[in-house]
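Following: one structure in C-alpha cells, then a few remarks.
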Amino acid sequence: MKSILLSKSRLFQAALFLAFLFQSNNSQAQSRIYANDQHSNVYGVCLGCGVQNPLNAVGDNEDNYSTMVMGTVLLGGVEQTLRFPEVRINTKLVIGIGTNNIPLTVQLLSGVYIETMSGTTANNDSQMISASLLKLADTPNRATIELTPASSYNAVKIRLSGGVLSLGGGFRVYYAYQDPLSTIMAYSKAGQVTLGGTVPLEGAQVTLRNTSGKEVHRSTLKSNTFELSTPQPEGIYILTVEAKDKKTYTRKIRITN
C-alpha cells in the first residue's frame, strides 16, 4: 500500500511539473487579452468617411481587419474605439495596423492619433503615432503600435484626421490586445528550482530569502534551473530575479525536498 501511495505521489508531482512547463512555454500567448467590442464613428464634416467591416478588428484573429476610409474631409475625420473586457493597468497595449499595399512610415501616419479610455472617460493621453510607438513588421504594409499606458484603461480610440496622407485603400486595423507585463513562475523539487514565465532569465541573478528575510541562496543563472547552494527546510521562500537590464521580479515559492 505504501509503495502504491508513493507511486501516485510521484505521478502527481510529474503531472504538476509538466503542467508548469507547458504553462511557462505558452504563458505569453495565453496572457494576451484581445478587444471584444468596438464602436466606430465619423465626426465633423467628412464626406464618404466610415469604417468598413468594423467587427473584424475585434477578437484574436490577427489577419482579419477593419478599414477606416477617408473621403472628402472638410473639417473632421473617422475613429474606431476598441474595447477590452475589463479595466486594467500595468499592461502593454498592442494595436495591429496596415494598408493594402503602401509601405508604412511615420510620415504616412502623421494624422493618426490614439487615446486610451477608462470606461467612457478619456484618459487625456491622446498622441500622434511617432517613431517610438511604431514597430514595423517584416511585411512593409503591416506594423504594430506599442505602448504602456500610464493610466488604467479598458478601451483605445484610433482616430484619423484630415492630416492623413494618401492611404490608398484605407487604414487597416487588424486587432488590439492588452499584454500583461513580464511574469515569473517557479517550481521546486529536490533542491532544484525551475523558472518560467516571460522574464528574460539568461545571465540574471537570483536570490532566495526565508520568511525572516535572511538570504539563503544567491547565484547567476546559466539556464532556467538552478540548484540550491545549501539544503533548506521545506516551506515558503521569497524568490527575487534581477535580469540583465537590472529590472527585478519577485514571487513566493514553496521549497520541497
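Observations on the model:
- Qualifying residue in region 39-51 (condition: surrounded by fewer than 16 Cβ atoms within 10 Å (Cβ to Cβ) and at pLDDT 95 or above): yes
- Across region 147-158, not a single residue is classified as of a type outside the set (F, W, Y), part of a strand (DSSP E or B), over 20 Å from I33 (Cα atoms) and touching a residue at least 12 places away in the same chain (Cβ under 8 Å).
- Condition broken by L109, with the remaining ones in (1) under 13 Å from I158 (Cα atoms); (2) at pLDDT 90 or above; (3) not in a strand (DSSP E or B) satisfied: (2)
- Every residue from region 124-145 that is in contact with a strand residue (DSSP E or B) (Cβ under 7 Å, 6 or more places away or on another chain), over 15 Å from R159 (Cα atoms) and polar (S, T, N, Q): N141, T144
- Within region 178-196, the set of residues being buried (at least 21 other Cβ atoms within 10 Å of the Cβ) and farther than 22 Å from Q232 by Cα comprises Q178 only.
- One residue stands out among those in region 216-257 that are under 15 Å from G196 (Cα atoms) and among the aromatic types (F, W, Y): the one that is surrounded by the most Cβ atoms within 10 Å (Cβ to Cβ), which is Y249.
- Boolean, D125 is surrounded by fewer than 17 Cβ atoms within 10 Å (Cβ to Cβ), assigned to a loop (DSSP other than H, G, I, E, B), charged (D, E, K, R) and modelled with pLDDT of 95 or more: yes
- Residue satisfying condition, being in contact with a helix residue (DSSP H, G or I) (Cβ under 8 Å, 6 or more places away or on another chain), of a type outside the set (A, V, I, L, M, F, W, C) and more than 21 Å from C49 (Cα to Cα), within set G196, G119, G191: G196
- Residues (within 10 Å of N224 (Cβ to Cβ) and of a type in the set (S, T, Y)) located in region 188-210: T194
The values are calculated or read from the model by the stated rules, or taken from the named source; none is laboratory data. Just so it is clear, the structure is predicted and the values come from calculations on it, not from any experiment. Cβ sites come from the backbone with ideal geometry, for glycine too, and all protein chains shown count toward neighbours.
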